[in-house]
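Asker: Below are the C-alpha coordinates for one structure; questions will follow.
The values are calculated or read from the model by the stated rules, or taken from the named source; none is laboratory data. Quick caveat: nothing in here was measured; it's all calculated off a predicted structure. Here Cβ is always computed from backbone atoms with ideal geometry, including for glycine, and neighbour counts include all displayed protein chains. We work out accessible area using only protein heavy atoms, side chains counted, and drop any ligands, DNA or RNA first. Shrake-Rupley method; radii C 1.70, N 1.55, O 1.52, S 1.80 Å.
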Amino acid sequence: MSMLENAWYDGSRWPLLLWPLEKLFISISQRRRKQQSLRQWVSPVPLIVVGNINVGGTGKSPLVIALIQWLRDQGYRPGVVSRGYTASPGAYPFSVTSQSSVEESGDEPLMIVQRTQVPMVIDPDRVRACRHLLKMHNCNIIISDDGLQHYAMGRDVEIVVIDGKRGLGNGHCLPVGPLRELPDRLQHVDMLIVNGVGGYEHEKAITMQLAVTGLVSLKDGQRHDVAMLVNAKANTEVDAEVKTRVHAVAGIGNPGRFYNTLRQAGLWPIEHSFPDHHLFQLSDITFDDALPVIMTEKDAVKCALLPLSAPAYYLQVDAQLPAKFSEQLMQLLQNVKESETDG
(Lines give C-alpha, C1' and ligand atoms only; values in the text may rest on other atoms or scores of the structure.)
Protein backbone atom coordinates (compact mmCIF):
# COMPACT_ATOMS: atom_id res chain seq x y z
CA MET A 1 0.00 0.00 0.00
CA SER A 2 1.37 3.42 -0.94
CA MET A 3 2.06 6.21 1.52
CA LEU A 4 -0.88 8.19 0.12
CA GLU A 5 -3.27 5.25 0.40
CA ASN A 6 -2.18 4.66 3.99
CA ALA A 7 -2.87 8.31 4.75
CA TRP A 8 -6.44 8.02 3.43
CA TYR A 9 -7.25 5.55 6.19
CA ASP A 10 -4.99 6.39 9.15
CA GLY A 11 -6.26 9.88 9.95
CA SER A 12 -3.32 11.79 8.43
CA ARG A 13 -4.10 15.36 7.48
CA TRP A 14 -1.33 16.07 5.01
CA PRO A 15 -3.42 14.83 2.00
CA LEU A 16 -5.57 17.95 2.53
CA LEU A 17 -2.74 19.82 0.82
CA LEU A 18 -4.08 18.25 -2.38
CA TRP A 19 -7.50 19.90 -1.89
CA PRO A 20 -7.36 21.93 -5.16
CA LEU A 21 -6.84 18.71 -7.11
CA GLU A 22 -9.79 17.11 -5.35
CA LYS A 23 -12.03 19.99 -6.40
CA LEU A 24 -10.84 19.62 -9.99
CA PHE A 25 -11.46 15.86 -9.87
CA ILE A 26 -15.01 16.34 -8.58
CA SER A 27 -15.77 18.96 -11.23
CA ILE A 28 -14.49 16.80 -14.09
CA SER A 29 -16.29 13.71 -12.76
CA GLN A 30 -19.62 15.48 -12.41
CA ARG A 31 -19.36 16.98 -15.89
CA ARG A 32 -18.48 13.59 -17.35
CA ARG A 33 -21.42 11.96 -15.57
CA LYS A 34 -23.83 14.55 -16.94
CA GLN A 35 -22.50 14.16 -20.50
CA GLN A 36 -22.65 10.36 -20.42
CA SER A 37 -26.13 10.31 -18.88
CA LEU A 38 -27.50 12.38 -21.78
CA ARG A 39 -26.64 9.58 -24.23
CA GLN A 40 -27.16 6.64 -21.92
CA TRP A 41 -27.76 3.22 -23.47
CA VAL A 42 -30.81 1.38 -22.14
CA SER A 43 -30.45 -2.38 -21.83
CA PRO A 44 -33.27 -4.56 -23.22
CA VAL A 45 -32.86 -6.88 -20.20
CA PRO A 46 -32.46 -5.97 -16.51
CA LEU A 47 -28.95 -4.76 -15.72
CA ILE A 48 -27.39 -4.88 -12.25
CA VAL A 49 -24.23 -2.91 -11.49
CA VAL A 50 -22.03 -4.19 -8.65
CA GLY A 51 -19.53 -1.45 -7.92
CA ASN A 52 -17.96 0.79 -5.34
CA ILE A 53 -17.11 4.41 -4.75
CA ASN A 54 -13.71 3.58 -3.23
CA VAL A 55 -10.59 2.77 -5.17
CA GLY A 56 -9.00 -0.49 -4.12
CA GLY A 57 -10.53 -3.79 -3.09
CA THR A 58 -13.83 -3.95 -1.23
CA GLY A 59 -14.90 -7.54 -1.91
CA LYS A 60 -16.97 -7.20 -5.07
CA SER A 61 -15.93 -10.47 -6.69
CA PRO A 62 -17.35 -12.81 -4.00
CA LEU A 63 -20.59 -10.85 -4.18
CA VAL A 64 -20.72 -11.16 -7.98
CA ILE A 65 -20.20 -14.92 -7.69
CA ALA A 66 -22.95 -15.18 -5.06
CA LEU A 67 -25.24 -13.01 -7.20
CA ILE A 68 -24.74 -15.25 -10.24
CA GLN A 69 -25.85 -18.29 -8.23
CA TRP A 70 -28.76 -16.44 -6.62
CA LEU A 71 -30.06 -15.30 -10.01
CA ARG A 72 -29.80 -18.83 -11.38
CA ASP A 73 -31.77 -20.08 -8.39
CA GLN A 74 -34.50 -17.58 -9.30
CA GLY A 75 -34.66 -18.90 -12.86
CA TYR A 76 -32.58 -16.20 -14.57
CA ARG A 77 -29.84 -16.76 -17.15
CA PRO A 78 -27.19 -14.22 -16.08
CA GLY A 79 -24.24 -12.95 -18.05
CA VAL A 80 -21.44 -10.69 -16.83
CA VAL A 81 -19.59 -7.76 -18.36
CA SER A 82 -16.39 -6.27 -17.03
CA ARG A 83 -13.72 -3.82 -18.07
CA GLY A 84 -11.12 -6.58 -17.79
CA TYR A 85 -8.46 -4.53 -16.04
CA THR A 86 -4.92 -5.50 -17.22
CA ALA A 87 -6.43 -7.72 -19.95
CA SER A 88 -4.78 -7.73 -23.40
CA PRO A 89 -6.94 -9.69 -25.83
CA GLY A 90 -6.38 -9.46 -29.55
CA ALA A 91 -9.49 -7.34 -29.91
CA TYR A 92 -12.51 -6.10 -27.99
CA PRO A 93 -15.13 -7.17 -27.13
CA PHE A 94 -13.64 -10.42 -25.84
CA SER A 95 -15.55 -13.44 -24.54
CA VAL A 96 -13.79 -15.01 -21.56
CA THR A 97 -13.85 -18.80 -21.17
CA SER A 98 -12.30 -21.12 -18.60
CA GLN A 99 -9.53 -21.82 -21.12
CA SER A 100 -8.65 -18.14 -21.65
CA SER A 101 -5.21 -17.03 -20.56
CA VAL A 102 -5.00 -14.53 -17.72
CA GLU A 103 -3.07 -12.22 -20.07
CA GLU A 104 -6.07 -12.18 -22.43
CA SER A 105 -8.84 -11.92 -19.87
CA GLY A 106 -7.49 -10.27 -16.73
CA ASP A 107 -7.46 -12.01 -13.36
CA GLU A 108 -10.91 -11.22 -11.91
CA PRO A 109 -12.94 -12.12 -15.03
CA LEU A 110 -11.08 -15.41 -15.42
CA MET A 111 -11.57 -16.25 -11.74
CA ILE A 112 -15.32 -15.60 -11.95
CA VAL A 113 -15.71 -17.68 -15.12
CA GLN A 114 -13.67 -20.60 -13.78
CA ARG A 115 -15.77 -20.63 -10.61
CA THR A 116 -19.22 -20.21 -12.22
CA GLN A 117 -18.94 -20.91 -15.99
CA VAL A 118 -20.98 -17.74 -16.51
CA PRO A 119 -20.98 -16.06 -19.95
CA MET A 120 -18.52 -13.17 -19.61
CA VAL A 121 -17.53 -10.39 -21.99
CA ILE A 122 -14.80 -7.84 -21.26
CA ASP A 123 -14.45 -4.45 -22.92
CA PRO A 124 -13.50 -0.99 -21.62
CA ASP A 125 -16.62 0.13 -23.48
CA ARG A 126 -19.20 -1.59 -21.31
CA VAL A 127 -22.10 -0.77 -23.61
CA ARG A 128 -20.32 -2.60 -26.42
CA ALA A 129 -19.65 -5.47 -24.00
CA CYS A 130 -23.34 -5.69 -23.11
CA ARG A 131 -24.43 -5.73 -26.74
CA HIS A 132 -21.93 -8.45 -27.59
CA LEU A 133 -22.98 -10.51 -24.56
CA LEU A 134 -26.64 -10.38 -25.60
CA LYS A 135 -25.77 -11.18 -29.22
CA MET A 136 -23.59 -14.20 -28.42
CA HIS A 137 -25.34 -15.67 -25.37
CA ASN A 138 -28.90 -16.43 -24.33
CA CYS A 139 -28.84 -14.16 -21.26
CA ASN A 140 -31.91 -12.48 -19.81
CA ILE A 141 -30.14 -10.42 -17.13
CA ILE A 142 -26.73 -8.69 -17.05
CA ILE A 143 -24.36 -8.13 -14.14
CA SER A 144 -21.77 -5.41 -14.60
CA ASP A 145 -18.73 -6.20 -12.46
CA ASP A 146 -17.78 -2.66 -11.50
CA GLY A 147 -18.87 0.14 -13.83
CA LEU A 148 -20.80 2.22 -11.28
CA GLN A 149 -19.19 5.34 -12.75
CA HIS A 150 -19.69 4.19 -16.36
CA TYR A 151 -22.80 6.31 -16.82
CA ALA A 152 -23.10 5.71 -20.56
CA MET A 153 -24.41 2.30 -19.52
CA GLY A 154 -27.97 2.41 -18.21
CA ARG A 155 -28.75 0.32 -15.17
CA ASP A 156 -31.81 -0.93 -13.31
CA VAL A 157 -30.21 -1.84 -9.98
CA GLU A 158 -27.10 -0.39 -8.35
CA ILE A 159 -25.33 -2.39 -5.63
CA VAL A 160 -22.35 -0.81 -3.90
CA VAL A 161 -19.84 -2.73 -1.76
CA ILE A 162 -17.98 -1.06 1.12
CA ASP A 163 -15.22 -2.62 3.22
CA GLY A 164 -16.54 -2.78 6.78
CA LYS A 165 -13.26 -1.87 8.46
CA ARG A 166 -11.87 0.73 6.09
CA GLY A 167 -15.23 2.33 5.27
CA LEU A 168 -14.92 5.52 3.24
CA GLY A 169 -11.52 6.40 4.68
CA ASN A 170 -11.29 10.13 5.31
CA GLY A 171 -14.44 10.75 3.26
CA HIS A 172 -12.67 12.78 0.56
CA CYS A 173 -12.45 12.21 -3.18
CA LEU A 174 -9.25 11.56 -5.10
CA PRO A 175 -6.48 12.41 -4.52
CA VAL A 176 -7.18 13.74 -0.99
CA GLY A 177 -9.09 10.55 -0.18
CA PRO A 178 -10.02 7.18 -1.71
CA LEU A 179 -13.42 8.10 -3.16
CA ARG A 180 -14.40 8.19 -6.83
CA GLU A 181 -17.63 10.01 -5.95
CA LEU A 182 -18.90 12.05 -3.02
CA PRO A 183 -20.26 10.11 -0.02
CA ASP A 184 -23.83 11.28 -0.67
CA ARG A 185 -23.79 9.09 -3.79
CA LEU A 186 -24.65 6.22 -1.43
CA GLN A 187 -28.05 7.76 -0.75
CA HIS A 188 -29.03 7.11 -4.35
CA VAL A 189 -27.92 3.49 -4.81
CA ASP A 190 -30.41 0.65 -4.45
CA MET A 191 -28.42 -1.59 -2.12
CA LEU A 192 -25.38 -1.04 0.08
CA ILE A 193 -23.39 -4.13 1.05
CA VAL A 194 -20.86 -3.79 3.87
CA ASN A 195 -18.20 -6.48 3.68
CA GLY A 196 -17.41 -7.63 7.21
CA VAL A 197 -17.93 -6.07 10.60
CA GLY A 198 -15.93 -2.99 11.49
CA GLY A 199 -16.31 0.67 12.23
CA TYR A 200 -18.41 1.58 9.19
CA GLU A 201 -22.17 1.90 9.56
CA HIS A 202 -24.91 3.17 7.26
CA GLU A 203 -28.68 3.16 7.52
CA LYS A 204 -28.99 1.23 4.23
CA ALA A 205 -26.27 -1.32 5.01
CA ILE A 206 -26.65 -5.08 4.59
CA THR A 207 -23.73 -6.98 6.11
CA MET A 208 -21.91 -9.57 4.03
CA GLN A 209 -19.53 -12.05 5.63
CA LEU A 210 -16.88 -13.99 3.74
CA ALA A 211 -16.80 -17.61 4.91
CA VAL A 212 -13.74 -19.78 4.29
CA THR A 213 -14.84 -22.90 2.43
CA GLY A 214 -11.46 -24.56 2.07
CA LEU A 215 -7.99 -24.65 0.58
CA VAL A 216 -7.69 -25.65 -3.08
CA SER A 217 -4.40 -27.10 -4.31
CA LEU A 218 -2.83 -25.35 -7.28
CA LYS A 219 -1.22 -28.66 -8.24
CA ASP A 220 -4.27 -30.89 -8.65
CA GLY A 221 -7.35 -28.81 -7.75
CA GLN A 222 -8.11 -30.95 -4.71
CA ARG A 223 -10.01 -29.23 -1.91
CA HIS A 224 -8.77 -29.49 1.67
CA ASP A 225 -10.03 -28.23 4.98
CA VAL A 226 -7.95 -25.43 6.56
CA ALA A 227 -7.70 -27.69 9.61
CA MET A 228 -5.28 -29.80 7.56
CA LEU A 229 -2.66 -27.10 8.15
CA VAL A 230 -3.85 -25.88 11.52
CA ASN A 231 -3.63 -29.37 12.98
CA ALA A 232 -0.27 -30.10 11.39
CA LYS A 233 2.93 -30.02 13.39
CA ALA A 234 3.45 -26.41 14.49
CA ASN A 235 6.55 -24.48 13.50
CA THR A 236 6.46 -21.83 16.20
CA GLU A 237 4.56 -20.51 19.19
CA VAL A 238 2.98 -17.07 19.29
CA ASP A 239 1.44 -15.62 22.47
CA ALA A 240 1.35 -19.12 23.94
CA GLU A 241 -0.95 -20.29 21.13
CA VAL A 242 0.42 -22.86 18.71
CA LYS A 243 -0.15 -21.74 15.14
CA THR A 244 1.05 -22.87 11.74
CA ARG A 245 3.35 -20.71 9.68
CA VAL A 246 2.51 -20.22 6.01
CA HIS A 247 3.65 -17.86 3.29
CA ALA A 248 0.68 -15.64 2.45
CA VAL A 249 0.89 -14.06 -1.01
CA ALA A 250 -1.51 -11.31 -2.05
CA GLY A 251 -1.68 -9.11 -5.15
CA ILE A 252 -5.02 -7.53 -4.30
CA GLY A 253 -6.36 -4.11 -3.37
CA ASN A 254 -6.71 -4.77 0.37
CA PRO A 255 -4.30 -7.57 1.38
CA GLY A 256 -4.82 -6.92 5.10
CA ARG A 257 -8.28 -8.47 4.94
CA PHE A 258 -6.79 -11.67 3.44
CA TYR A 259 -4.10 -11.91 6.10
CA ASN A 260 -6.63 -11.38 8.89
CA THR A 261 -8.81 -14.14 7.45
CA LEU A 262 -5.87 -16.54 7.62
CA ARG A 263 -5.20 -15.58 11.24
CA GLN A 264 -8.83 -16.12 12.14
CA ALA A 265 -8.58 -19.57 10.59
CA GLY A 266 -5.72 -20.41 12.98
CA LEU A 267 -2.76 -19.79 10.68
CA TRP A 268 0.26 -17.52 11.13
CA PRO A 269 0.87 -15.80 7.78
CA ILE A 270 4.25 -14.51 6.70
CA GLU A 271 3.01 -11.62 4.58
CA HIS A 272 4.10 -11.00 0.98
CA SER A 273 2.16 -8.11 -0.57
CA PHE A 274 2.23 -7.11 -4.23
CA PRO A 275 0.37 -4.43 -6.22
CA ASP A 276 -3.23 -5.14 -7.17
CA HIS A 277 -3.46 -7.30 -10.35
CA HIS A 278 0.26 -8.13 -10.11
CA LEU A 279 1.32 -10.67 -12.75
CA PHE A 280 3.32 -13.15 -10.68
CA GLN A 281 6.64 -14.69 -11.64
CA LEU A 282 7.99 -17.86 -10.09
CA SER A 283 10.56 -15.89 -8.09
CA ASP A 284 7.74 -13.93 -6.39
CA ILE A 285 6.38 -17.03 -4.68
CA THR A 286 9.52 -19.14 -4.19
CA PHE A 287 10.96 -19.10 -0.68
CA ASP A 288 13.96 -20.62 1.13
CA ASP A 289 11.89 -23.17 3.04
CA ALA A 290 9.20 -25.77 2.49
CA LEU A 291 6.37 -23.90 4.20
CA PRO A 292 3.01 -23.97 2.41
CA VAL A 293 2.12 -21.00 0.19
CA ILE A 294 -1.43 -19.66 0.38
CA MET A 295 -2.86 -17.03 -1.92
CA THR A 296 -6.21 -15.59 -2.94
CA GLU A 297 -8.33 -17.23 -5.63
CA LYS A 298 -7.80 -14.17 -7.81
CA ASP A 299 -4.02 -14.56 -7.58
CA ALA A 300 -4.21 -18.30 -8.16
CA VAL A 301 -5.41 -17.88 -11.75
CA LYS A 302 -2.08 -16.13 -12.44
CA CYS A 303 0.04 -18.77 -10.67
CA ALA A 304 -1.65 -22.02 -11.67
CA LEU A 305 0.87 -22.82 -14.41
CA LEU A 306 4.01 -21.89 -12.47
CA PRO A 307 6.23 -24.88 -11.54
CA LEU A 308 5.97 -24.51 -7.76
CA SER A 309 7.97 -26.88 -5.58
CA ALA A 310 6.37 -26.06 -2.21
CA PRO A 311 2.73 -26.98 -1.48
CA ALA A 312 0.58 -24.11 -2.79
CA TYR A 313 -3.11 -23.43 -2.26
CA TYR A 314 -5.66 -20.72 -2.73
CA LEU A 315 -8.12 -19.82 -0.02
CA GLN A 316 -11.64 -20.19 -1.32
CA VAL A 317 -14.21 -17.93 0.30
CA ASP A 318 -17.94 -17.57 -0.29
CA ALA A 319 -20.16 -14.59 0.42
CA GLN A 320 -22.74 -15.14 3.14
CA LEU A 321 -25.70 -12.78 2.89
CA PRO A 322 -28.76 -12.42 5.13
CA ALA A 323 -32.33 -13.04 3.99
CA LYS A 324 -32.75 -9.26 3.77
CA PHE A 325 -30.48 -9.25 0.71
CA SER A 326 -32.66 -11.72 -1.16
CA GLU A 327 -35.86 -9.96 -0.15
CA GLN A 328 -34.68 -6.53 -1.26
CA LEU A 329 -33.19 -7.72 -4.55
CA MET A 330 -36.28 -9.74 -5.39
CA GLN A 331 -38.44 -6.65 -4.83
CA LEU A 332 -36.13 -4.48 -6.95
CA LEU A 333 -36.28 -6.92 -9.85
CA GLN A 334 -40.04 -7.17 -9.50
CA ASN A 335 -40.21 -3.38 -9.75
CA VAL A 336 -38.14 -3.53 -12.94
CA LYS A 337 -40.47 -6.14 -14.40
CA GLU A 338 -43.55 -4.08 -13.53
CA SER A 339 -42.08 -0.90 -15.03
CA GLU A 340 -41.33 -2.77 -18.27
CA THR A 341 -44.93 -4.03 -18.36
CA ASP A 342 -46.30 -0.54 -17.74
CA GLY A 343 -44.06 0.87 -20.44
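Asker: Using a 1.4 Å probe and counting only protein heavy atoms, arrange Met330, Met153, Met3 so the residue with the most accessible area comes first.
Answerer: Details: Met330 95, Met153 0, Met3 145 Å².
I get Met3, Met330, Met153, largest accessible area first.
Asker: So what does Trp19 come to for accessible area, using a 1.4 Å probe and Å² rounded to 10?
Answerer: Approximately 130 Å² of Trp19 is accessible to the 1.4 Å probe.
Asker: Counting only protein chains, not ligands or nucleic acids, how are Ile28, Ile112 ordered by accessible area (probe 1.4 Å), most first? Write out the running numbers ahead of the final one.
Answerer: Numbers: Ile28 80, Ile112 0 Å².
Order by accessible area, largest first: Ile28, Ile112.
Asker: I'd like to check one number: the per residue accessible area of the stretch 20-125, probe 1.4 Å, reported in Å² as a whole number.
Answerer: 44 Å²
Asker: Considering Cα pairs under 8 angstrom that are at least six residues apart, work out the relative contact order of the chain and quote it in whole percent. Before the final figure, lay out each step's value.
Answerer: Working: 645 pairs, mean separation 62.1, N = 343.
Averaging sequence separation for qualifying contacts and normalising by length gives 18 percent for the chain.
Asker: Right, next: Once you have a ≥ b ≥ c as the square roots of the Cα gyration tensor eigenvalues for the stretch 11-56, tell me rounded if a/c is under 1.5, and otherwise prolate or oblate according to whether a/b is larger than b/c.
Answerer: Oblate.
Asker: Using a Förster radius of 51 Å, what is the FRET efficiency between Arg263 and Lys23 based on their Cβ-Cβ separation? Nearest 0.05, please.
Answerer: The formula returns an efficiency of 0.80 here.
Asker: Another one. Does a label point 7 Å from the Cα of Gln40, set along Cα-to-beta-carbon, have any residues of the stretch 61-100 with amide nitrogen under 13 Å, and which are they?
Answerer: From the stretch 61-100, the list is empty.
Asker: Simple spin-label model, 7 Å along Cα-to-Cβ: Ala227 to His137 in nm?
Answerer: Output for this residue pair reads 3.7 nm.
Asker: Once you have the alpha carbon radius of gyration of the chain, what is it after dividing by 2.2 N^0.38 Å, with N set to its residue count? Numbers along the way, then the final one.
Answerer: Working: Rg = 20.7 Å, N = 343, 2.2 N^0.38 = 20.2 Å.
Relative to the rule-of-thumb radius for its length, the chain sits at 1.02.
Asker: Turning to a different aspect of this structure: Which residues does the label zone of Gln99 cover in the stretch 112-145, counting backbone N under 20 Å from a point 7 Å along Cα→Cβ?
Answerer: Inside the label zone: 112-122, 136-138.
Asker: Just from its helices, what would the mean residue ellipticity at 222 nm be for the chain, if runs of 4 or more DSSP H residues each count -39500 (n - 2.57) and the sum is divided by every residue, rounded to the nearest 500 deg cm²/dmol?
Answerer: Calculated mean residue ellipticity at 222 nm is -9500 deg cm²/dmol.
Asker: So, one more: Note down the magnitude of the dipole of the chain about its Cα centre, charges +1 on Lys and Arg C-beta and -1 on Asp and Glu C-beta and zero elsewhere, to the nearest 20 debye. Don't skip to the end; give the middle numbers.
Answerer: Working: 33 positive and 37 negative charges, 166 e Å.
Roughly 800 debye for the chain.
Asker: Pairs of Cα atoms under 8 Å, at least six residues apart: use those to get the relative contact order of the stretch 264-343, whole percent. Can you show the working numbers first?
Answerer: On the way: 40 pairs, mean separation 19.7, N = 80.
Value for the stretch 264-343: 25 percent.
Asker: Could you check the spin-label model distance between Tyr92 and Gln74? Points 7 Å from the Cα along Cα→Cβ, value in nm.
Answerer: With each label point 7 Å from Cα toward Cβ, the separation is 2.9 nm.
Asker: For Val212 and Leu4, what is the calculated FRET efficiency with R₀ set at 51 Å and r taken between the beta-carbons, to the nearest 0.05?
Answerer: 0.95
Asker: Would you list which lysines come within 20 Å of Lys34, measuring only between C-alpha atoms, while excluding same-chain residues fewer than 8 positions from it?
Answerer: Those lysines meeting the cut-off are Lys23.
Asker: Once the principal axes of the Cα atoms of the stretch 37-196 are found, what is the range along each, listed largest first in whole angstroms?
Answerer: Principal-axis extents of the Cα atoms in the stretch 37-196, largest first: 42, 33, 31 Å.
Asker: Sketch the reach of a paramagnetic label on Arg32 as a point 7 Å from Cα along Cα-to-Cβ, and name the residues of the stretch 122-146 whose backbone nitrogen lies under 16 Å away.
Answerer: Under 16 Å, as judged by backbone N against the label point of Arg32, lie 124-127, 146 of the stretch 122-146.
Asker: Let me ask something additional. Under the definition of Cα pairs under 8 Å and six or more residues apart, what whole-number percent is the relative contact order of the stretch 99-158?
Answerer: After rounding, I find 22 percent.
Asker: Which residue, Leu179, Phe25, Gly11, has the largest displacement toward the positive end of the dipole of the chain when charges sit on each Cβ (Lys, Arg +1; Asp, Glu -1)?
Answerer: The listed residue farthest towards the positive side: Phe25.
Asker: Leaving out same-chain residues fewer than 8 places away, which lysines sit with a Cα under 24 Å from that of Lys60?
Answerer: Here the lysines satisfying the reach criterion relative to Lys60 are Lys165, Lys204, Lys298, Lys302, Lys324.
Asker: Follow-up. Which one, Pro124, Pro322, Pro93, has the greatest fluctuation when you compute a Gaussian network model over the chain with C-alpha springs under 10 angstrom?
Answerer: Residue with maximal mean-square fluctuation among Pro124, Pro322, Pro93: Pro322.
Asker: Which value, in debye to the nearest 20, describes the size of the charge dipole of the stretch 1-124 about its Cα centre when Lys and Arg Cβ atoms bear +1, Asp and Glu Cβ atoms bear -1, and nothing else is charged?
Answerer: Charge dipole, the stretch 1-124, about its Cα centre: 640 debye, nearest 20.
Asker: Moving on to the next point. Of the accessible area of the chain, with the probe set at 1.4 angstrom, what percent is carbon plus sulfur?
Answerer: 51 percent
Asker: Can you work out the accessible area per residue across the stretch 298-343, with the rest of the protein chains kept in place, probe 1.4 Å, in square angstrom?
Answerer: 56 Å²
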